[in-house]
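The values are calculated or read from the model by the stated rules, or taken from the named source; none is laboratory data. On a predicted model such as this, the values are computed, not experimentally measured, just so you know. Cβ sites come from the backbone with ideal geometry, for glycine too, and all protein chains shown count toward neighbours.
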Amino acid sequence: MQSKATSVEAYLSELPEDRRAALTAVRRAILKGLGTGYQETMAYGMIGYSIPHSIYAEGYHCDPRQPVPMAGLGNQKQHMSLHLMGLDVGAESAPTEALVAWFTKAWADSGRKLNVGKACVRFKRIEEVPLEVVTEFFRRLPLKAYLATYLTVLASGKQGKPAAKKPAKKPARKPAPQPMAKKAPAKSPIKKTAEGSDAKKPAASRGSSKKATAENAAAMRVSKRA
């Protein structure tokens, strides 16, 4: 849970009483073993411990505006968390492997169960945290040693890089509508002659028509004679 508090005191004051007491106890253990040069500030919505720009001006490689983080202490919805970047930075290097091995054994020897994911130790009650182990962890990680490991890993290219922004997808262009082909007018099965008579009348019909015309002409001649 990220807080908008601008100071450690303000951050702790806004927590429920049991969470405030637990984080205050862990904070004291951290400050007891924290080496010279590190700073305590609010970072990423929680209490942060980092290398200030006054010592390493380039800042955090993922965001140069931020100092190089070393640890974080915060309140989450379901638990509290202690982020120990020293357990992860240069994980394949001999110094970090030795520190991880010591930390895991020391926590187990305290009789507490270690609930850790990569570099984040999770706990729900202060009784789950061996405070003397927390203090000793910070004593074993002085600023010069941590910064040297950080720079070595950074130079090797194994440290995570900021995610590149994906270019915005251009909207697909709709294909231009194709002009519809004009349909040829349907041909009439009947073709008219210049006189307007039907050219394709059945032969029998044409014969009947001629016969009727001849009979009419004969009837007119008879009429005139009479």
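Residues are listed down the side, and each one gets a yes or a no for (1) surrounded by fewer than 21 Cβ atoms within 10 Å (Cβ to Cβ); (2) modelled with pLDDT of 95 or more; (3) of a type outside the set (Phe, Trp, Tyr):
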position: PRO52; (1), (2), (3): yes, yes, yes
position: GLU58; (1), (2), (3): yes, yes, yes
position: MET70; (1), (2), (3): no, yes, yes
position: MET80; (1), (2), (3): no, yes, yes
position: GLY90; (1), (2), (3): no, no, yes
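Candidates in the range 141-155 are the residues that are of a type outside the set (A, V, I, L, M) and surrounded by fewer than 17 Cβ atoms within 10 Å (Cβ to Cβ); of these, the one that is nearest to LYS32 (Cα to Cα) is PRO142. Residues TYR38, TYR49: which one is under 25 Å from GLU132 (Cβ atoms) and over 32 Å from the mean Cα position of the chain (by Cα)? Of the residues listed, the single one that is under 25 Å from GLU132 (Cβ atoms) and over 32 Å from the mean Cα position of the chain (by Cα) is TYR38. Residue check: HIS53 meets all listed conditions (1) over 23 Å from VAL100 (Cα atoms); (2) in a helix (DSSP H, G or I); (3) of a type outside the set (Asp, Glu) but one, namely (2). Of the listed requirements (1) farther than 21 Å from GLY35 by Cβ; (2) touching a helix residue (DSSP H, G or I) at 6+ places or on another chain (Cβ under 8 Å); (3) modelled with pLDDT of 95 or more, LYS118 misses just one: (3). Here THR152 does not qualify as at pLDDT 95 or above and not in a loop (DSSP other than H, G, I, E, B). Say we look at the range 31-50 and pick out the residues that are in contact (Cβ under 8 Å) with a residue 24 or more places away in the chain and of a type in the set (A, V, I, L, M); which of these is surrounded by the most Cβ atoms within 10 Å (Cβ to Cβ)? So the residue we want is ILE47. Among the hydroxyl-bearing types (Ser, Thr, Tyr), modelled with pLDDT of 95 or more, exposed (fewer than 15 other Cβ atoms within 10 Å of the Cβ) and touching a helix residue (DSSP H, G or I) at 6+ places or on another chain (Cβ under 8 Å): is that true of SER13 in this structure? Yes, satisfied. The set of residues in the range 57-85 that are touching a strand residue (DSSP E or B) at 6+ places or on another chain (Cβ under 6 Å), not aliphatic (A, V, I, L, M) and not in a strand (DSSP E or B) comprises GLN66, PRO67, HIS79. Against the criterion of being in a loop (DSSP other than H, G, I, E, B) and touching a Gly at 6+ places or on another chain (Cβ under 8 Å), LEU141 qualifies. Is one or more of the residues making up the range 94-105 surrounded by 10 or more Cβ atoms within 10 Å (Cβ to Cβ), at pLDDT below 90 and under 26 Å from the mean Cα position of the chain (by Cα)? No, there is no match, as no residue in the range 94-105 is surrounded by 10 or more Cβ atoms within 10 Å (Cβ to Cβ), at pLDDT below 90 and under 26 Å from the mean Cα position of the chain (by Cα).
Filtering the range 114-138 to residues that are over 34 Å from the mean Cα position of the chain (by Cα), assigned to a loop (DSSP other than H, G, I, E, B) and not aliphatic (A, V, I, L, M) leaves only PRO130.
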